1. Considering only residues that are out of contact with any Asp or Glu (no Cβ under 9 Å at 6 or more places or on another chain), outside any loop (DSSP other than H, G, I, E, B), modelled with pLDDT of 90 or more and of a type outside the set (D, E, K, R), which ones fall in segment 85-119?
2. Right, T26: surrounded by 11 or more Cβ atoms within 10 Å (Cβ to Cβ), within 29 Å of M1 (Cβ to Cβ) and β-branched (V, I, T) or not?
3. Mind listing whichever residues of segment 29-62 are exposed (fewer than 11 other Cβ atoms within 10 Å of the Cβ) and either outside any helix (DSSP H, G or I) or among the small types (G, A, S) (or both)?
4. Any residue in segment 111-126 that's among the hydroxyl-bearing types (S, T, Y): show its pairings with residues that are surrounded by 11 or more Cβ atoms within 10 Å (Cβ to Cβ) and outside any helix (DSSP H, G or I) at Cβ separation under 9 Å, as long as the two are six or more apart or on different chains.
5. Considering segment 93-110 alone, what residues qualify as being without any contact (Cβ under 8 Å) to a residue 12 or more places away in the chain and over 19 Å from the mean Cα position of the chain (by Cα)?
6. Out of the residues in segment 14-23 that are surrounded by 10 or more Cβ atoms within 10 Å (Cβ to Cβ) and in contact with a Phe, Trp or Tyr (Cβ under 9 Å, 6 or more places away or on another chain), state the one that is modelled with the highest pLDDT.
Amino acid sequence: MLVKIYGTDPEGEKRYSPAKCIGGKTHGISGSPDPKHISTSYIERQNLSVRMTNRRFTRLANPFSKKLENHMAAVALGYLAYNFIKIHRTLRVTPAMAAGVTDRLWDVEDLVAACEAASAWRKGKRRRGQQ
């Protein structure tokens, strides 16, 4: 984790200027990360990708879900499309293909089939009395 330290810029405008980052401290949260790669850039990029993929997370937008289940489904669809359908410029393949989860590019029909299979599996599990 990178904790940024903010302070005032002695030469900057005082009233409308945001605080200036004057330093930072790194802390390992879990594992033993390489100190060269501790940065907020990775998570900020992930947050931006989520906001751009799913409009529910964009500021000043009005889509919302009345039920938590609908919100969870919308988020899951966004992540599925991001990882299985969208080819990423730097990877030149989908993240799922780069990780070895699948060997081919999915299309929307594959995504719908996977959702229907998961839904049928959950319904069957409920009928058997399992959680």
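The values are calculated or read from the model by the stated rules, or taken from the named source; none is laboratory data. Model, not experiment: these values are computed from the prediction. For neighbour counting, all protein chains shown are included, and Cβ atoms are generated from backbone atoms with ideal geometry for every residue, glycine included.
1. Residues satisfying the conditions are P95, A96, A98, A113, A117.
2. Yes: the conditions hold for T26.
3. I29, S30, G31, S32, D34, S41, R59, L60, N62
4. Listed by first residue and then by second, the contacts come to nothing, as the list is empty.
5. Passing the criteria: G100, D103, R104, E109.
6. So in segment 14-23, the residues surrounded by 10 or more Cβ atoms within 10 Å (Cβ to Cβ) come out as 17, 19-22.
Add one more test, that the residue is in contact with a Phe, Trp or Tyr (Cβ under 9 Å, 6 or more places away or on another chain), and what stays is 19-22.
Numbers: A19: 78, K20: 81, C21: 82, I22: 85.
By that ranking, first place goes to I22.
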